[in-house]
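The block underneath contains the structure these notes are about, expressed in structure tokens.
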Amino acid sequence: MSGSTFGELFRVTNFGESHGPAIGCVIDGCPPGLALSEADIQPELDRRRPGTSRHVTQRKEADAVEILSGVYEGHTTGTPICLLIRNTDQRSKDYGHLLDTFRPGHADYTYWRKYGLRDPRGGGRASARLTAPMVGAGAVARKWLRERHGTTFCGWMSALGEIEIPFESAEHIAHNPFFAPNAGIVERLEAHMDALRKAGDSCGARIEVRATRMPVGLGEPLFDKLDADIAYAMMGINAVKGVEIGSGFGVVTERGSEHGDELSPEGFRGNRSGGVLGGISTGQDLVVRIAIKPTSSIRLPRGSISRAGVPTTVETHGRHDPCVGIRATPIAEAMLALVVMDHALRHRAQCGDVVLPVPALPAAAP
């Protein structure tokens, strides 16, 4: 299967299946000399792992990461880093009845038509469980970027279904299962999820993620635009159906007199561009929003067909997230970090010697 490798200079190859013995990735291109251990990676995996609240799948996976190569005496060697996460709570029998039919909204039908066979256990290779290795790789990228450039990443849920979540403070994000930046709305979000679970239904979500203290000049002006690669990365996350950068679809109703961020000696006077102009980073915050579709695995009966083309009905039981967006924030942060990391290395390779006499503009307030 092709399409399992992401990035050019910082390359991450993802492997495994949802109910196989293990999942993981190989990171090729990490600079040598970075202090790295499992303790640098595990906290990010803990933020994403299942079973952390009643609002997500109750699959109990520790998601304990093992570094198998690429690190010697606590530092990266510049050779491939292999991260392994063992699957310990498979229930393959939950999916036996799906071998001969297709779940609406899932990749079951297209996967089967493409490859001629499929692993029905939890979606196999198409499962969102395969985002865990990317979160692990993202943790490595985040550490290098923080130490080299001071770049940090923060994401949050800005909408759960029809419920808008006003941003109050980033301090709230880590203290509720929704990654919501508003403590006052959590009770309403919980009630909404409880009602969906009782009804056997699901909902979508919107996630916003930002990178701060960005280097200036990352990205290329044509086909390797930074924002194009961000969109590519975000659309690679399971269930993502839309990506906005900066004003996003809001540009439709904006005028040129308000959208174009004016410049001054003190910096940009706005950030409607989302930190990217002409495909190249401005040094302002990267501002990215993703739209996540409702979970396709729901208890309600849905019409489908068998492999023989005979009409049938599918009811999906087992352990599923009523809203996959609840655990998507760490994934979106990781994918953004991987894009920035790859472009930072590419910029260093080509333009590392470029020095201008005038300092870069300070970033505008978000």
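Residues in region 97-115 that are of a type outside the set (A, V, I, L, M) and closer than 18 Å to residue 3 by Cα were compared, and the one that is surrounded by the most Cβ atoms within 10 Å (Cβ to Cβ) is 108. Taken over region 276-291, the residue count meeting the criterion of being of a type in the set (Val, Ile, Thr) and in contact with a Ser or Thr (Cβ under 8 Å, 6 or more places away or on another chain) is 2. In region 298-310, the residues that are assigned to a loop (DSSP other than H, G, I, E, B) form Cβ pairs under 7 Å with partners that are at pLDDT below 85 and not polar (S, T, N, Q), at six or more places apart or across chains, as follows: 299/315; 299/317; 301/315; 307/100.
Mind telling me which of the residues 125, 103, 113, 129 ends up being of a type outside the set (Phe, Trp, Tyr), farther than 23 Å from residue 323 by Cα and either more than 23 Å from the chain's Cα centre (by Cα) or not in a loop (DSSP other than H, G, I, E, B) (or both)? Testing whether each residue is of a type outside the set (Phe, Trp, Tyr), farther than 23 Å from residue 323 by Cα and either more than 23 Å from the chain's Cα centre (by Cα) or not in a loop (DSSP other than H, G, I, E, B) (or both) leaves just 113. Scanning region 143-172 for residues that are within 20 Å of residue 240 (Cβ to Cβ) and either touching a residue at least 60 places away in the same chain (Cβ under 8 Å) or not hydrophobic (A, V, I, L, M, F, W, C) (or both) yields 153, 154, 155, 156, 157, 158, 160, 161, 162, 164.
Could you tell me how many of the residues in region 234-263 are more than 25 Å from residue 205 (Cα to Cα) and in contact (Cβ under 8 Å) with a residue 40 or more places away in the chain? Residues flagged as more than 25 Å from residue 205 (Cα to Cα) and in contact (Cβ under 8 Å) with a residue 40 or more places away in the chain within region 234-263 amount to 2.
Whenever a residue of region 104-119 is under 16 Å from residue 306 (Cβ atoms) and touching a residue at least 12 places away in the same chain (Cβ under 8 Å), its partners that are basic (Lys, Arg) and in a helix (DSSP H, G or I), lying with C-beta atoms within less than 9 angstrom and at least six residues away or across chains, give the pairs 111/125. Among the residues of region 282-292, the ones that are surrounded by fewer than 24 Cβ atoms within 10 Å (Cβ to Cβ) and not charged (D, E, K, R) come to 3 in all.
Is it the case that region 350-360 has a residue that's touching a residue at least 12 places away in the same chain (Cβ under 8 Å) and charged (D, E, K, R)? Taking every residue of region 350-360 in turn, none turns out to be touching a residue at least 12 places away in the same chain (Cβ under 8 Å) and charged (D, E, K, R).
Taking first residues from region 269-280 that are within 11 Å of residue 221 (Cα to Cα) and partners that are among the polar types (S, T, N, Q), the Cβ contacts under 7 Å between residues at least 6 apart in sequence or on separate chains come to 276/282.
Regarding region 48-67, can at least one residue be identified that is at pLDDT 95 or above, among the acidic types (Asp, Glu) and either assigned to a strand (DSSP E or B) or out of contact with any strand residue (DSSP E or B) (no Cβ under 9 Å at 6 or more places or on another chain) (or both)? Taking every residue of region 48-67 in turn, at least one turns out to be at pLDDT 95 or above, among the acidic types (Asp, Glu) and either assigned to a strand (DSSP E or B) or out of contact with any strand residue (DSSP E or B) (no Cβ under 9 Å at 6 or more places or on another chain) (or both). Restricting to region 293-325, name every residue that is more than 25 Å from residue 162 (Cβ to Cβ) and of a type in the set (A, V, I, L, M, F, W, C). If the condition is that a residue be more than 25 Å from residue 162 (Cβ to Cβ) and of a type in the set (A, V, I, L, M, F, W, C), then 305, 308, 310, 314 are the ones that fit.
With the structure loaded, tell me whether residue 3 is on the phi > 0 side of the Ramachandran plot, modelled with pLDDT under 95 and under 21 Å from the mean Cα position of the chain (by Cα) or whether it fails that test. When the stated conditions are applied, residue 3 passes them.
The values are calculated or read from the model by the stated rules, or taken from the named source; none is laboratory data. As the structure is a computational prediction, the values presented were derived from the model and not from experiment. Methodologically, a virtual Cβ is constructed for each residue, glycine included, from the backbone with ideal geometry; neighbour enumeration extends over all protein chains shown.
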